[in-house]
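**Q** The structure under discussion is supplied below as structure tokens; questions concerning it will follow.
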Number of protein chains: 2
Amino acid sequence: MSEDHPSDPRSAHNLEVLRGCSLLSGLPDEALREAAAVARARPFHANEVLYARGEVQSALSVVGAGSVRISSTSSDGREIMLTLFEPGAWFGDTVFSPGMPRVFGATAHSDGELVEVPGQAYRDLLARYPQAYPRTLDMLSRRLWSAISIIEDNGLRDMPGRVGRRLLFLAQMHEHDGGADEANGPVTFKLTREHIANMMGMTRQGVHGVLKTLEGEGLIAFSYGRVTVPDREALRRYLEERPQK
Amino acid sequence: MSEDHPSDPRSAHNLEVLRGCSLLSGLPDEALREAAAVARARPFHANEVLYARGEVQSALSVVGAGSVRISSTSSDGREIMLTLFEPGAWFGDTVFSPGMPRVFGATAHSDGELVEVPGQAYRDLLARYPQAYPRTLDMLSRRLWSAISIIEDNGLRDMPGRVGRRLLFLAQMHEHDGGADEANGPVTFKLTREHIANMMGMTRQGVHGVLKTLEGEGLIAFSYGRVTVPDREALRRYLEERPQK
DNA sequence: GCCAGACTGTCAACGGTTTGACACTTATCG
DNA sequence: CGATAAGTGTCAAACCGTTGACAGTCTGGC
């Protein structure tokens, strides 16, 4: 909307965030600068609802700071959480299918900031820099791959297996997106038992039992509002030998 | 591989199949003709394994005739089925992420035929006809949407709810892909209790109970190796009032 | 630094699904 | 057309996660 000049500090900040987003890394830098000029920074506070399930308007959102919960609430109040996004991650896949309602909503998990590129502007940009399409398709297809893996886990694994897989998955995403810790260092998530329960479709109490089991194997640690995966590699190995239901 | 002439009858048949595929409908007809020339028809017999989970080689497969089960088998022999594809449907999403292993395999559900475009050829074609990209992204993003809906159902709904939703989903896909019956006519699937069990991560016996429940409500009918949804609209309404777990 | 509200651990009773087993029915194909 | 394999209905027992309830613990914000 605003005709920001490239040297506008606001635009410069947007650019930095967009550069860190894997979805956009197929675009040449000049295109990113254009995107940054039309992007809008949107600061948020913890627990603020960013998008509701069912909304039709579409934008490409890139997490600039903080973390965002992707979840949807059913009519009877139960909440189902899909994943947690950290800086560098993107969401708003409906930019690719204009007119489709969002299946899941987004809620601020901490204070932070989003950088948003309007849907039409993003699509126009892709059309003008078509060399970015293959990378874009690749990113989308990987996301589909992840979703399908989750479906597979739901069908094949018991509760400890599912919880372990999901934590492992989050840990890998954390590493990939931005949290470039040491190769296999410990990762901690600020997730309550209830958040985890909402990811797995189980109850707070059920999660408690599962976490205790995994803790007993030395695979995770947990405390008030926190879960830690000390050794991703060990967790991965454990889960490999345990596909049973 | 073979330098088929456009008027080659084999190529003409391929073309007809490719024209019926929604993923490819963004490509101009001349591009489809090129694709048909390099495509390979691959007839199959019921229960033949078309692709195994984990394979890396990629091609875009379009179902020309018959139906194909998308599923994966775990190390301990349990099978999990994702969906059933009918003529007009496409799979092999790894064409968009060359080098990624297939998460799920494909098995012939009946006799039929696949038309396959080699991955590299398909990607080249897109690059030469970039106007097809938006449609391609749209199709991929809709598939992601479907996968996420399944995850949502797994978390929010009880067994009757999940089974109902999946059957409804299959029925809608059937209508969309090619089976252009009347607007809301009955749809029958050749699925055994065990197939359904494998889709939902439950047991043959468990499915039996659920189907009986749904039959009691007049929402489905079933017999040896078959399940029928007589009225999609009624099933949809029933499920809407029943999101509970 | 303190306190309200959020989060947690634990328990017994309940319920839906699985397990395992067996007899029965229906298709397929030689 | 008949035999063999694949699919089905049903049952009791065991299992695992849920429900509901309550007391205890942590923590962030004023």
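**Q** Amide H neighbours of residue A:67 under 5 Å, at least 5 residues apart or on other chains, H built in the peptide plane: list them.
**A** Here A:109, A:110 satisfy the definition.
**Q** Please give the calculated 222 nm ellipticity per residue for the protein assembly as shown, where each DSSP H segment of at least 4 residues contributes -39500 (n - 2.57) and the sum is spread over every residue; nearest 500 deg cm²/dmol?
**A** The helix-only estimate for the protein assembly as shown comes to -13500 deg cm²/dmol at 222 nm.
**Q** Go through region A:84-101 residue by residue and turn each phi into a ³J(HN,Hα) via Karplus (6.51, -1.76, 1.60, θ = phi - 60°); whole Hz please, and just put x for glycine and proline.
**A** Result, ordered by residue: 10, 10, 10, x, x, 7, 10, 8, x, 4, 5, 4, 8, 10, x, x, 6, x Hz.
**Q** Once ligands and nucleic acids are excluded and a 1.4 Å probe is used, how much of residue A:51 is accessible, expressed in Å² to the nearest 10?
**A** Using a 1.4 Å probe on the heavy atoms, I get roughly 10 Å².
**Q** Another question, then. Check residue A:191: other-chain or 5+ apart residues with amide H under 5 Å from its amide H, H built from backbone geometry?
**A** A:226, A:227
**Q** While we're on this one: Label position 7 Å from Cα toward Cβ: report the copy-to-copy distances for residue B:237 in nm, one decimal, ordered from shortest.
**A** When each copy's label point is compared with this one, the spacings are 5.8 nm.
**Q** Further question on the same structure: Per-residue counts of other Cβ atoms within 10 Å, averaged by peptide: what ranking do you get for A:208-216, B:34-42, highest first?
**A** For the peptides A:208-216, B:34-42, the packing ranking is B:34-42, A:208-216.
**Q** Still on this model: Taking beta carbons within 10 Å but only from partner chains, what does the mean come to for residues B:222-231?
**A** 0
**Q** To the nearest 0.05, how large is the calculated FRET efficiency for residue A:194 and residue B:237 if R₀ is 30 Å and r is the Cβ-Cβ distance?
**A** Plugging the Cβ-Cβ distance into 1/(1 + (r/R0)^6) gives 0.40.
**Q** Using the Cα gyration tensor of the protein assembly as shown, with a ≥ b ≥ c the square roots of its eigenvalues, what is the shape: rounded (a/c below 1.5), prolate (a/b larger than b/c) or oblate (neither)?
**A** oblate
**Q** Can you pull the mean other chain C-beta count within 10 Å for peptide B:165-173?
**A** Going residue by residue through B:165-173 and averaging, the value is 0.
**Q** Scanning chain B for helices, which whole DSSP H stretches are 24 Å or more long along the axis (Cα) and average -0.5 or more by Kyte-Doolittle?
**A** Going by DSSP H runs, the hits are B:133-156, B:159-177.
**Q** Sorted by packing (mean other beta-carbon atoms within 10 Å per residue), highest first, where do A:91-98, A:146-153 land?
**A** Ranked from most to least packed, the peptides come out as A:91-98, A:146-153.
**Q** For the residue pair residue B:228 and residue B:13, what label-to-label distance in nm results when each label sits 7 Å from Cα along the Cα-to-beta-carbon direction?
**A** 3.3 nm
**Q** In Å², and per residue, what accessible area does region A:121-245 have when probed at 1.4 Å with the other protein chains present?
**A** Normalised by residue count, the accessible surface of region A:121-245 is 45 Å².
**Q** Something else: Suppose R0 equals 25 Å; then what is the FRET efficiency for residue B:213 and residue A:53 from their Cβ-Cβ distance, rounded to the nearest 0.05?
**A** That gives a FRET efficiency of 0.35.
**Q** Amide H to amide H, which residues 5 or more places from residue B:231 or on other chains are under 5 Å from it, using H placed in the peptide plane?
**A** Under 5 Å from the amide H of residue B:231 lies no amide H from a residue far enough along the sequence or on another chain.
**Q** Next question, about the same structure. Residue A:25 label points, 7 Å along Cα→Cβ, one per copy: pairwise distances from this copy to the rest in nm, shortest first?
**A** Listed shortest first, these distances are 3.5 nm.
**Q** Which distances, in nm and shortest first, link the residue A:128 label point to the same label point in every other copy, taking 7 Å along Cα→Cβ?
**A** Relative to the other copies, residue A:128 has label-point distances of 2.8 nm.
The values are calculated or read from the model by the stated rules, or taken from the named source; none is laboratory data. Not measured: the values here are computed from a predicted model. Quick reminder, even Gly has a Cβ in these numbers, built from the backbone with ideal geometry, and neighbours come from all protein chains shown. We work out accessible area using only protein heavy atoms, side chains counted, and drop any ligands, DNA or RNA first. Shrake-Rupley method; radii C 1.70, N 1.55, O 1.52, S 1.80 Å.
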